Amino acid sequence: MDKNSNEWSERVKQENLLMFCGVAFMAAGPAFWFLMNSGINARMVTLSPDMAGLMSVIDVAIALMFSVSGAALALAGWGLSAWHAWLKVKLS
């Protein structure tokens, strides 16, 4: 195997890592929201209305953080992939 193909292999690994981790984080956001919402609803009887409202806001904020950071990672992987493809076309 020559050096050039090994270099491209490393680039593809970086792109895939960013995109796959991004998709995993985007999927974790709604899953976290559902599980936390189920937990909050189960404890609604024992929680005060203010605490239940605060936990709901925190639940949505953390779920959005997961989803938005996942989208940023996936977009970074896609951008890196496009950059590498453009460089390969430019060098050809």
- Item | Candidate values (1) 30, 16, 14; (2) 21, 17, 11; (3) 44, 11, 6, label of the one derived for semi-axes √(5λ) of the Cα gyration tensor in Å | (3)
- Message: How far apart, in nanometres, would the label points at residue 44 and residue 27 be if each is projected 7 angstrom from Cα along the Cα-to-Cβ direction?
- Response: 2.9 nm
- Item | Distance (nanometres) between label positions extended 7 Å along Cα→Cβ at residue 14 and residue 86 | 1.5 nm
- Query: Using a Gaussian network model of the chain with C-alpha springs under 10 Å, which one of 22, 70, 53 is most mobile by mean-square fluctuation?
  - Reply: 53
- Query: Counting only protein heavy atoms and using a 1.4 Å probe, what share of the accessible area of the chain belongs to carbon plus sulfur, as a whole percent?
  - Reply: 74 percent
- Query: Can you tell me the accessible area per residue over the chain, all protein chains present, probe 1.4 angstrom, in square angstrom?
  - Reply: 72 Å²
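The values are calculated or read from the model by the stated rules, or taken from the named source; none is laboratory data. Just so we're clear, the structure is a prediction, and the values are computed from it rather than from any experiment. When we count neighbours, we look across all protein chains shown, and the Cβ atoms used for this are built from the backbone with ideal geometry, even at glycine. Areas reflect the complete protein model, heavy atoms only, side chains present, ligands, DNA and RNA absent. Shrake-Rupley method; radii C 1.70, N 1.55, O 1.52, S 1.80 Å.
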